[in-house]
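Trainee: Dropping a structure here in structure tokens format, bear with me for questions.
The values are calculated or read from the model by the stated rules, or taken from the named source; none is laboratory data. Only a predicted model underlies this, so the values are computations on that prediction, with no experimental measurement involved. Reconstructed Cβ throughout: ideal geometry from the backbone, glycine too, with neighbour counts over all protein chains shown. Areas reflect the complete protein model, heavy atoms only, side chains present, ligands, DNA and RNA absent. Shrake-Rupley method; radii C 1.70, N 1.55, O 1.52, S 1.80 Å.
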Amino acid sequence: MKHSYLKNVSTLRMDSGKCTGCGMCLEVCPHHVFVMSKGKSIIVDKDRCIECGACVKNCPFKALEVKPGVGCAAAIIKGWLTGTEPSCDCSDGSCC
Amino acid sequence: MLDIVLNREIKINPTSSQLTTQDILGAWKARWGINRMNYKVEPGLYRLGNPDPNAPVLVTANYKMTFDALRKELTNFDAWILVLDTKGVNVWCAAGKGTFGTTELLNRLAVVQLDNVVSHKTLILPQLGASGVCAHDIQKFSGFKVVYGPVRAKDIKEFIQSGMKATDEMRTVTFSAYDRLVLTPIELVSTFRISLMIFGVLFLLNLIGIGPFGAVDFYAYVGAVIIGSVLTPVLLPWIPGRAFAWKGWFLGFIWVIVNLLMGWPSSEYSVLKALGYLLILPPVSAYLAMNFTGSSTYTSFSGVLKEMKIAIPAMIISIGLGAILILVNSFI
Ligand code: SF4
Ligand code: SF4
């Protein structure tokens, strides 16, 4: 069964002009957000993006942008309470 | 010319693909939250099997459960395992925090003097570490080329044997019912403290004569907790809707309705009290389900934030109203 989360929320952006089609983003994205088309990477399904930041960090040509963050309610609440950036404190299996 | 020869000893720890009973017990304990924060292995270089200088180098985190999950897949295999100091946190979380990151990897490469141990220049990193590591910077500063391997340790052997080619399936994060089930004990354990507090308050209310709260209240609440922290996570993709809080609320609502049909409001449970529970219990499940976003593999920060901005005020209002109804009911 496929999971689907809220639509139209991800902050992912691509500057196609800078993309050289190196393919790195396809390699690191855990949710198949990109495909290669005519020598450039394109975003095929932005709603699958979890804002992990892997593509941005590994794009050698700075063609991608996202506001990375943890999709974790407990971390966000803690961030609100302590006035800090949300970050997760767990060390479990696939937590955060 | 001044020639400084650093003859530091290269420290290599032996390890194997065999998990001992102790390892298995330790993993079980960690799942239930016992000694979890301290479940670590020493960072450094490990030798698994009988690796020669051409053997592959696998990079991982120093959370013992992560390290064990990797080595148990490497039966009859020779490899080097480079364990980064992620403070006992798994790869995915540590990458998010940056401890499984570019700096730590560069440092660790230098500390273990990897270029004196292996003759090649390739590192295999778990794909989920990519959000912490910048592959082109590693190459630039250390000369080692980073190859992102499969998401799951069980595919690592196949990945290496097929010449470091990951299939689409190896690259995709899944989140099966079993994956979700093994995460629920910790969700349940983390509700104990707050649940005890609630029981304490109800007990005090009983003592001062507002109440009485008895067995039915207890099982109604426990039911809502189990629904939010176990049932919703396990049934996740089959529950209609997208937001986690909604999914939890929905099942919690069904739980209360079922209870109402099964005998509430009896003489002891007035309409007012039943209504109160209809307002209180579904948000309890919703809150716990919402907390599962942290364990899920497909939620984004922006998404969770959006969901919370609606869900949290709604929960507070609903629980507040419900509490008023129940208190009013106690006085009449
Ligand atoms: S990593 Fe950057 S340059 Fe390479 S294909 Fe992706 S967007 Fe284009
Ligand atoms: S932020 Fe993560 S999930 Fe989103 S596109 Fe980049 S790699 Fe994929």
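Trainee: Looking at the stretch A:36-47 only, could you name the residues that are open to solvent by 60 Å² or more (accessible area, probe 1.4 Å) and away from chain B (no Cβ under 11 Å)?
Mentor: A:36, A:38, A:40, A:42, A:44, listed by residue number.
Trainee: Moving on. What's the number of the only condition in (1) part of a loop (DSSP other than H, G, I, E, B); (2) at negative phi that residue B:87 fails to meet?
Mentor: (2)
For (1) at pLDDT below 90; (2) within 9 Å of another protein chain (Cβ to nearest Cβ), each residue gets a yes or a no:
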residue: A:31; (1), (2): yes, yes
residue: A:54; (1), (2): no, yes
residue: A:58; (1), (2): no, yes
residue: A:61; (1), (2): no, no
residue: A:71; (1), (2): yes, yes
residue: A:81; (1), (2): yes, no
residue: A:84; (1), (2): yes, no
residue: A:90; (1), (2): yes, yes
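Trainee: Collect the residues in the stretch A:59-81 that are near ligand 2 (Cβ under 9 Å from one of its atoms) and touching a strand residue (DSSP E or B) at 6+ places or on another chain (Cβ under 8 Å), keeping them in residue-number order.
Mentor: If the condition is that a residue be near ligand 2 (Cβ under 9 Å from one of its atoms) and touching a strand residue (DSSP E or B) at 6+ places or on another chain (Cβ under 8 Å), then A:64, A:66 are the ones that fit.
Trainee: Another one. Please determine, by comparing only the residues of the stretch A:1-44 that are of a type in the set (S, T, N, Q) and within 13 Å of ligand 2 (Cβ to nearest atom), which one is nearest to residue A:58 (Cα to Cα).
Mentor: A:41
Trainee: Which count do you get for residues in the stretch A:48-72 that are away from ligand 1 (no atom under 13 Å from the Cβ) and open to solvent by 60 Å² or more (accessible area, probe 1.4 Å)?
Mentor: 3
Trainee: Tell me which of these residue B:111 doesn't satisfy, since it passes every other one: (1) out of contact with any Lys or Arg (no Cβ under 7 Å at 6 or more places or on another chain); (2) surrounded by 21 or more Cβ atoms within 10 Å (Cβ to Cβ).
Mentor: Here residue B:111 clears every test but (2).
Trainee: Suppose we filter B:223, B:252, B:276 for residues that are under 24 Å from the mean Cα position of the chain (by Cα), crowded, with 23+ Cβ neighbours inside 10 Å, touching a residue at least 12 places away in the same chain (Cβ under 8 Å) and away from chain A (no Cβ under 14 Å); which single one remains?
Mentor: Checking each option against the conditions leaves just B:252.
Trainee: Please give the number of the condition residue B:285 fails out of (1) closer than 17 Å to residue A:4 by Cα; (2) modelled with pLDDT of 90 or more.
Mentor: Among (1) closer than 17 Å to residue A:4 by Cα; (2) modelled with pLDDT of 90 or more, the lone unmet condition for residue B:285 is (1).
Trainee: Pairs please, first residue from the stretch A:50-61 and of a type in the set (Phe, Trp, Tyr), second anywhere and more than 6 Å from ligand 1 (Cβ to nearest atom), Cβ atoms under 8 Å, 6+ apart in sequence or on different chains.
Mentor: Between residues of the stretch A:50-61 that are of a type in the set (Phe, Trp, Tyr) and residues that are more than 6 Å from ligand 1 (Cβ to nearest atom), the close pairs are A:61/A:18.
Trainee: Next question. Among the numbered criteria (1) part of a helix (DSSP H, G or I); (2) under 30 Å from residue A:6 (Cβ atoms); (3) out of contact with any Phe, Trp or Tyr (no Cβ under 8 Å at 6 or more places or on another chain), which one does residue B:200 miss?
Mentor: The number of the failed condition is (2).
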